[in-house]
Amino acid sequence: MTNPTKIVQLSALTFAVAISQAFRTVPAITVNGIAEEMNAGPAALALFGGIFHWSFALMQIPVGLALDIFGVRHTMIAFSGFAILGGAICALAPNINWLFLGQTLIGIGCAPAFMAAIVFTSKHWPAARFAGISGLVLAFSSGGMLLSATPLAWFIDRWSWRSGFVILTAMSLVTLLASATVLEKTVVNRSRNLAKEILSAFYDLRLVLFGPRPIALLALGFVMYGALITIRGLWIVPMFVERYALTLVAAGNVALLVSVAIILGPAIAGHFDPGDKTRPTAISVMAVPG
């Protein structure tokens, strides 16, 4: 019988991942208002949407070390503060440069969410259930993309693009409180050689970056995920508003449909694994339409 306390704790972490997904994709429904209010051009808007991903990615190794040394609870509490601060800065930003700063901090604050959930799952569920539990975390947390579609578009259409960041910042505060009150306390290992472990972690990246299979996966990820997040995370709503004259809420509905496809696609494709020999060909063929 699964411990109900562990389910509550994993639910809190899943909620944090959902907020990360929402922050990742909220630029799509705020960018029109930002462009109009701040006279921002396409290059500035692209940087606004992309800077989250840079700070998020660059923090993954430090996050891994923090989770290993300080534990899930301490890491989530510390990083959630960055997301709250970044969201507040975006909500109050007087110009585009403050938005860049806010997005950078949000990316840092959201960096540990999914990894923390995975680490927690690996410690409290048997290996045989790891894939299934992780899949549920990813599925439920993808609801954050649904939040950043029609629901937030409705609020922004009635108030301002800033209201989107206000709502997500408030939800990040809930994440911080949940991390502090719900997650289990762990003993901090203070006897580790941090400098040595950090250097070792970066050195071991060679195994990820220079093997034949990792290079193929990275190449596919760069192309497919880059295209996907560029559209869903930034340009989908402006395109439908400006080119097809849709209202913000109607364009949010389109983003909602795309988000549903993103959620269901991997779950469906995962049941049609053709095996090791033909898997690379199948993946390449499926990637062509994108």
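The values are calculated or read from the model by the stated rules, or taken from the named source; none is laboratory data. As the structure is a computational prediction, the values presented were derived from the model and not from experiment. All Cβ positions, even for glycine, are placed from backbone atoms using ideal geometry, and neighbour counts span all protein chains on display. Note: accessible area is taken over every heavy atom of the protein model, side chains too, but ligands, DNA and RNA are not part of it. Shrake-Rupley method; radii C 1.70, N 1.55, O 1.52, S 1.80 Å.
From the list 96, 84, which one is over 25 Å from residue 60 (Cα atoms) and out of contact with any strand residue (DSSP E or B) (no Cβ under 8 Å at 6 or more places or on another chain)?
96
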Being crowded, with 22+ Cβ neighbours inside 10 Å, on the phi < 0 side of the Ramachandran plot and of a type outside the set (Lys, Arg) is the requirement here; does residue 44 meet it? no
Residue pairs meeting the criteria (Cβ under 7 Å; at least 6 apart or on separate chains; first modelled with pLDDT of 70 or more, in region 195-216; second β-branched (Val, Ile, Thr) and open to solvent by 70 Å² or more (accessible area, probe 1.4 Å)): 214/208
Can we say residue 224 is at pLDDT below 80 and either under 18 Å from residue 25 (Cα atoms) or surrounded by 12 or more Cβ atoms within 10 Å (Cβ to Cβ) (or both)? yes
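For every residue, the table says whether it meets (1) under 22 Å from residue 29 (Cβ atoms); (2) of a type in the set (Gly, Ala, Ser).
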| position | (1), (2) |
| --- | --- |
| 83 | yes, yes |
| 86 | yes, yes |
| 89 | yes, no |
| 118 | no, no |
| 143 | yes, yes |
| 147 | yes, no |
Search region 11-31 for residues that are on the phi > 0 side of the Ramachandran plot and buried (at least 24 other Cβ atoms within 10 Å of the Cβ) and pair each with any residue that is part of a helix (DSSP H, G or I) and of a type in the set (Lys, Arg) when their beta-carbon atoms are under 9 Å apart and the residues are at least 6 apart or on different chains. none
Looking only at helices (runs of 4 or more DSSP H) that fall completely inside region 47-148, which ones have 1 or more residues that are surrounded by 20 or more Cβ atoms within 10 Å (Cβ to Cβ) and without any contact (Cβ under 8 Å) to a residue 24 or more places away in the chain? 60-92
